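A quick write-up on the structure given underneath.
The values are calculated or read from the model by the stated rules, or taken from the named source; none is laboratory data. The structure displayed is predicted, hence computed values, not measured ones. Note: ideal-geometry Cβ built from the backbone for every residue, glycine included; neighbour counts use all protein chains shown. All accessible areas refer to the heavy atoms of the entire protein, side chains included, with ligands and DNA or RNA removed. Shrake-Rupley method; radii C 1.70, N 1.55, O 1.52, S 1.80 Å.
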Amino acid sequence: MTPTDIAQVVSLCRARAGLKVAPDKTYLMESRLAPVARREGYESISDLLAAVRARRDDPLVWSVVEAMAAGESAFFRDRAPFKEFRDEIAPQVKRARGGAPIRVWSAACGAGQEVYSLAMLVGEMLQDDPDLRVELAASDLSRLALERAQSGLYNQFEVQRGLPIRLLARHFEKEGDQWRLAADVRGRVKWRRINLIAGLRQIGRFDVVFCRYVLCCMTEDAQRKVIDDLACLVPEDGYLVLGVKEQVSPIGHAFEPVVGRPGLYRRNPAFAAAAA
């Protein structure tokens, strides 16, 4: 990749998705963009980026940005947030909502492991509490990631990362050398393509938002915009779930950490008053 290519990728990712891409991460750019160039019929990444510059083709631009936005995903990643959801968050929100459903959003869901972990967990919770009502939504910037997530098809390595063997046996069927998640679990999730920096305030209220290891990949300006928008759609008694080890400097003005629960946040009352 030439310096012009590198600067172009950095600029596109920042402008379109608020992504923070380090110019010295050329190996990362090449490993993610080479498959895009092949898929789109170009002989090299430089040819792909030259076409983007010449044509300003929006789908082609997004193919570059979406490839660079791809994040890591795993079933029941970090464990603690799922235990907290089952034991503390869901019972508390259920009491507060009466008969209304608990609305949960998995933002930047990638290949879907996070939201499907929640879907399997909700299935187990329903056995103990048949009156529980949970609506699960998931979104990602990448159309390809959403297609893959909705298919519920995972390879051996992916199902071995965090997925208990009892859940693999209960909810998956072998298809060749891959595993397909059961249709009833997949059917619990509603999907939508969402660009987090494009404005979130019109998508509705969510009692719990999982937005883990996403904001740390964004510029500080993009982080602040997303956090402010999330604070407007999460109610005062709702929760924001970030990564257990994720550090996001602008979050303090809109959300407060829950003591003793790394990565778990409640809305800052001072922000609520300012936004009212």
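Suppose R0 equals 35 Å. What FRET efficiency, 1/(1 + (r/R0)^6) with r the Cβ-Cβ distance, do E236 and D57 give to the nearest 0.05?
E(calc), rounded to 0.05, equals 0.20.
Determine the per residue accessible area of the chain with all protein chains present and a 1.4 angstrom probe, expressed in square angstrom.
So the chain comes to 48 Å² accessible per residue, rounded to a whole number.
Return the carbon/sulfur percentage of the accessible area of the range 32-72, one whole number, probe 1.4 Å, all protein chains in place.
Exposed carbon and sulfur together represent 46 percent of the surface.
May I ask you to list the aspartates and glutamates whose Cα is less than 18 Å away from that of K94, ignoring any residue fewer than eight positions away on the same chain?
The qualifying aspartates and glutamates are E84, E124, D128, D129, D131, E135, D207, E236, D237.
The range 82-158: Rg/Rh from Cα coordinates, Kirkwood Rh?
When Rh is taken as the Kirkwood radius, the ratio is 1.02.
In the range 202-230, whose amide N lies under 20 Å from the spot 7 Å out along Cα-to-Cβ of K245? List them in ranges.
Under 20 Å, as judged by backbone N against the label point of K245, lie 211-218 of the range 202-230.
For the range 216-276, which GluC sites (Glu not before Pro) pass both filters: DSSP loop (anything but H, G, I, E, B) and at most 14 other C-beta atoms within 10 Å?
Filter output for the range 216-276: E236.
Can you give the translational diffusion coefficient of the range 16-145 in µm²/s, computed by Stokes-Einstein from the Kirkwood radius over Cα pairs at 20 °C and 1.002 mPa s?
Diffusion coefficient, whole number: 123 µm²/s.
Tell me, what % of the accessible area of the range 166-258 is carbon and sulfur with a 1.4 angstrom probe?
Answer for the range 166-258: carbon and sulfur cover 46 percent of the accessible area.
Please go through the residue pairs K25/K190; K83/K225; K174/K225; K25/K83; K174/K245 and name each one whose alpha carbons sit more than 32 Å apart in this structure.
Where the Cα-Cα span goes over 32 Å, the pairs concerned are K25/K190; K174/K225; K25/K83; K174/K245.
Using each residue's phi in the range 41-48, evaluate 6.51 cos²θ - 1.76 cosθ + 1.60 at θ = phi - 60° and report the 3J(HN,Hα) Karplus result to the nearest Hz, with x for Gly and Pro.
So the Karplus estimates, Gly and Pro as x, are x, 9, 6, 8, 5, 4, 5, 4 Hz.
Measuring from label point to label point, each 7 Å out along Cα→Cβ, what is the E124 to R193 span in nm?
3.5
Which whole-Hz ³J(HN,Hα) couplings does the range 248-265 yield from phi under the Karplus relation 6.51 cos²θ - 1.76 cosθ + 1.60, θ = phi - 60°, glycine and proline marked x?
Computed from phi, the couplings for the range 248-265 are 10, 4, x, 6, x, 6, 10, 9, 10, x, 7, 4, x, 10, x, x, 9, 9 Hz.
Given the rule -39500 (n - 2.57) for each run of at least 4 DSSP H residues, summed and divided by the residues of the chain, what is its mean residue ellipticity at 222 nm, to the nearest 500 deg cm²/dmol?
-13500 deg cm²/dmol
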